[in-house]
């Protein structure tokens, strides 16, 4: 039986083997394994790619959000507006700093936080709005920034899933007062382990972040803040510098796959295709369809060798981790409906036109 995995590195990593191996030897022979020249080089490259002044690498995506919020002085008594439909890391970061989560429902067709609902969620205690550019598509970032400035609140943009995406021609990860991303291996730009980064044009926030990720210290044994060890491994910086050169090409491949899905599934029964909002250029970290018979469709495809995944089967407000907040089924009905209907199809560099044709043919055969 034909086998198409949900995700594979085979279209990316084999081509980079020799260059990555040389990078390892450079790292190994340098004798400098934390915050070295490789880290500095990649930070400069990532800042330039995002179109910002400063990039600060950190240990992983969750640390990126936590440290971004901490740099904004978020703490107990502060409210952080988050999407009701997102990966739980966006919520955990605020919770770990003692802040109050204020969920806002998404647009049911783009899956991103609904700008029109944010206004009603703002209170005198609102400290931060956290838009999450979900599945590769930007939020309506310019509108969110205007709203935030009107109410004198900060924006922490969670760009973990949309590296290289554009909103109104401007790169995601550059809109917010401060912006967080993850380089988890499966991201559009993925390390070979855990890694993340924060970007900003604000030099004061940048300097504070550099200290916060390093035990709160700029100078060894002199600690200005209650920081943490949130440093990215030097080796990952070497690897990411190499992979960054291929990010635009890989994103174009993802877009071509999405275009084929759109064309071949436009008349398919029992599913809705993802909708890309006006002025948004998605990089399709995921290609997410909706089906009221999602679980049946997933089983049907698995029986035919096609891997799929659900992003995400349980919305954050119904996770046991947040049971103490006493949210119930029905409190955020759009997020709940999406959790029951979303199905992510394979999309990654190396997935062939023939693979996509087979996947779409099987979906159209589903009854």
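The values are calculated or read from the model by the stated rules, or taken from the named source; none is laboratory data. What you see is a predicted model, and the numbers here were worked out from it, not measured in a lab. A quick note on method: Cβ atoms are made from the backbone with ideal geometry, for glycine too, and the neighbour counts reach across all protein chains shown.
For this structure, a couple of remarks:
- If the condition is being assigned to a helix (DSSP H, G or I), within 13 Å of residue 325 (Cα to Cα) and in contact with a helix residue (DSSP H, G or I) (Cβ under 6 Å, 6 or more places away or on another chain), then the stretch 87-102 contributes only 91.
- Considering the stretch 341-361, the residues that are out of contact with any strand residue (DSSP E or B) (no Cβ under 6 Å at 6 or more places or on another chain) and in a helix (DSSP H, G or I) include one that is surrounded by the most Cβ atoms within 10 Å (Cβ to Cβ), namely 356.
- Once the stretch 2-19 is narrowed to residues that are loosely packed, with under 12 Cβ neighbours inside 10 Å and within 16 Å of residue 361 (Cα to Cα), the residue that is modelled with the highest pLDDT is 3.
- Checked against the criterion of being crowded, with 24+ Cβ neighbours inside 10 Å, modelled with pLDDT of 95 or more and farther than 17 Å from residue 276 by Cα, the candidates 128, 146, 155 yield just one match: 128.
- One residue alone among 146, 155 is free of Cβ contacts under 8 Å to residues at least 40 places away in the same chain, assigned to a strand (DSSP E or B) and over 13 Å from residue 282 (Cβ atoms), and that residue is 155.
- On the stretch given as the stretch 265-287, residues that are in a loop (DSSP other than H, G, I, E, B), touching a strand residue (DSSP E or B) at 6+ places or on another chain (Cβ under 7 Å) and touching a residue at least 40 places away in the same chain (Cβ under 8 Å) total 4.
- When restricted to residues that are surrounded by fewer than 17 Cβ atoms within 10 Å (Cβ to Cβ) and outside any helix (DSSP H, G or I), the stretch 310-340 contains 9.
- Residues of the stretch 192-209 satisfying the condition of being over 18 Å from residue 48 (Cα atoms), surrounded by 16 or more Cβ atoms within 10 Å (Cβ to Cβ) and out of contact with any helix residue (DSSP H, G or I) (no Cβ under 7 Å at 6 or more places or on another chain): 194
- Entry remark, the stretch 269-303: residues being surrounded by 18 or more Cβ atoms within 10 Å (Cβ to Cβ) and either in contact with a helix residue (DSSP H, G or I) (Cβ under 8 Å, 6 or more places away or on another chain) or within 23 Å of residue 8 (Cβ to Cβ) (or both) number 16 in total.
- Apart from one condition, residue 227 fits all of (1) crowded, with 19+ Cβ neighbours inside 10 Å; (2) in contact (Cβ under 8 Å) with a residue 24 or more places away in the chain; (3) at negative phi; the exception is (2).
- Restricting the stretch 204-224 to residues that are touching a strand residue (DSSP E or B) at 6+ places or on another chain (Cβ under 7 Å) and in contact (Cβ under 8 Å) with a residue 40 or more places away in the chain leaves a set whose member that is farthest from residue 42 (Cα to Cα) is 205.
- The residue list 176, 98, 136 contains one member that is within 15 Å of the chain's Cα centre (by Cα) and at positive phi, which is 136.
- Pairing each residue of the stretch 33-51 that is without any contact (Cβ under 8 Å) to a residue 24 or more places away in the chain with any residue that is surrounded by fewer than 16 Cβ atoms within 10 Å (Cβ to Cβ), provided the two are 6+ apart or on different chains, yields C-beta distances under 9 Å for 37/30.
- Some residue of the stretch 12-31 being within 19 Å of the chain's Cα centre (by Cα) and either over 24 Å from residue 185 (Cβ atoms) or outside the structural domain of residue 214 (by TED's automatic domain parsing) (or both): no
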